[in-house]
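Notes for the one structure printed next.
The values are calculated or read from the model by the stated rules, or taken from the named source; none is laboratory data. Keep in mind it's a predicted model, so treat the numbers as computed, not measured. Note that each Cβ is placed from the backbone with ideal geometry, even for glycine, and that neighbours are counted across all protein chains shown.
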Amino acid sequence: MIEGISSTMVEWGFVAIIIAAAIWASRRRPAPMPNDRPDLPYSVYTRAFDLEVTSSALQDVLPDASPDKGRGFTDRNGSAWRTMVADLKSWQKRHASGQAEVDRLLSASELDGTIANTVAISVLVDQSGSMREQRLAAVASALALVSTKLSGLGIAHEILGFSTAGWHGGFARRQWLDEGQPAYPGRLCALLHIVHKSADAPWSRCGQELMLLPDALRENIDGEAIEWAAARLSKLGKPQKLLLVISDGAPVDDSTLSENGPNFLVRHLLTVIERLQSSEGFKIGAVGIEHRVSDYYRSSTEAELANMPVAVAQQLRAMLVD
């Protein structure tokens, strides 16, 4: 009798374990992504936590910009940043041989002599997490060469970066959770827009290294970043405005896409590009970093890291003489 009771208790124990495991699994399983709604216009849940900062202010601003520090999503001892700075120095040595080709492609004798008075350029760099280490270091090295040449030609140009202020929606998502999680909330993260080089200042070595701060590399909302860069270009007062985007993939923000459908950010990006391409005085192009971006941009090229300076100069030349 006692043995029978013990056997029954063991069986019920196994049942209880199975039920508990099922409940745990159901709680861990992510909620299904909502149906895509192309009929809904692009929207933003809150802009309260968006940031526009200079690269020199990043180290002061980032710790309080999101909950990441408390969750361990930071380069606490700076080792990742030191590695990326070392990568930058390595790429600068490798890219030095491309300076002559950059100079040829952007030769003052072959470009219209009035170009410095009529053109302003903005280079907008995707600073998402996938750009860590080699990719972003190679871009910074390439842009240093190109920026030196553009400055020599007297062409006003900016170098900008874009990311998000926190992983997984940061404080913007927290607000949405506190307010009842309304459906289809629109962009559900905080933007981080970075001015690395303004049009009226040189790009210092310190500034190049600040581009590599790993704590800034999170997710990417391309459409709004392009709108921001274009607005800055318009303020430079030149009749011809060239916007060059450097990216290694499609726009992604998990928090936003999980609540609005998988195509929400791409649709907005395509809408922004089309609007800008049809705007008088604007040209937009892109360099894809080991990634094809021609699905988004009419004028584009794909580049390997080793030939990044030449690829950037080629794309700028194509936009300048087109």
Out of 65, 16, which single residue is at pLDDT below 50 and either more than 24 Å from residue 267 (Cα to Cα) or basic (Lys, Arg) (or both)? 16
Filtering strands (runs of 3 or more DSSP E) wholly in the range 189-304 for at least 2 residues that are under 17 Å from the mean Cα position of the chain (by Cα) and buried (at least 22 other Cβ atoms within 10 Å of the Cβ) gives 191-197, 240-247, 282-289
Name the residues in the range 109-131 that are exposed (fewer than 15 other Cβ atoms within 10 Å of the Cβ) and out of contact with any Ser or Thr (no Cβ under 9 Å at 6 or more places or on another chain), would you? 109, 110, 113, 114, 117, 118
Taking only pairs six or more apart or across chains, which ones have beta-carbon atoms under 7 Å, a first residue in the range 126-140 that is closer than 10 Å to residue 249 by Cβ and in contact (Cβ under 8 Å) with a residue 40 or more places away in the chain, and a second residue that is surrounded by fewer than 24 Cβ atoms within 10 Å (Cβ to Cβ) and among the small types (Gly, Ala, Ser)? 130/249
Could you tell me whether any residue of the range 107-114 is of a type in the set (Val, Ile, Thr), touching a Lys or Arg at 6+ places or on another chain (Cβ under 7 Å) and farther than 20 Å from residue 289 by Cα? no
Give me a count of the residues in the range 68-82 that are crowded, with 16+ Cβ neighbours inside 10 Å and at pLDDT 90 or above. 2
Going by the structure shown, is residue 136 under 16 Å from residue 238 (Cα atoms) and either at pLDDT below 95 or out of contact with any strand residue (DSSP E or B) (no Cβ under 6 Å at 6 or more places or on another chain) (or both)? no
Kindly establish whether residue 307 is under 13 Å from the mean Cα position of the chain (by Cα) and either closer than 21 Å to residue 150 by Cα or not β-branched (Val, Ile, Thr) (or both). no
Could you tell me which residue of the range 142-188 is surrounded by the most Cβ atoms within 10 Å (Cβ to Cβ), considering only residues that are part of a helix (DSSP H, G or I) and charged (D, E, K, R)? 173
If a residue has to be within 19 Å of residue 42 (Cβ to Cβ), in contact with an Asp or Glu (Cβ under 9 Å, 6 or more places away or on another chain) and among the acidic types (Asp, Glu) to count, how many in the range 227-275 make the cut? 2
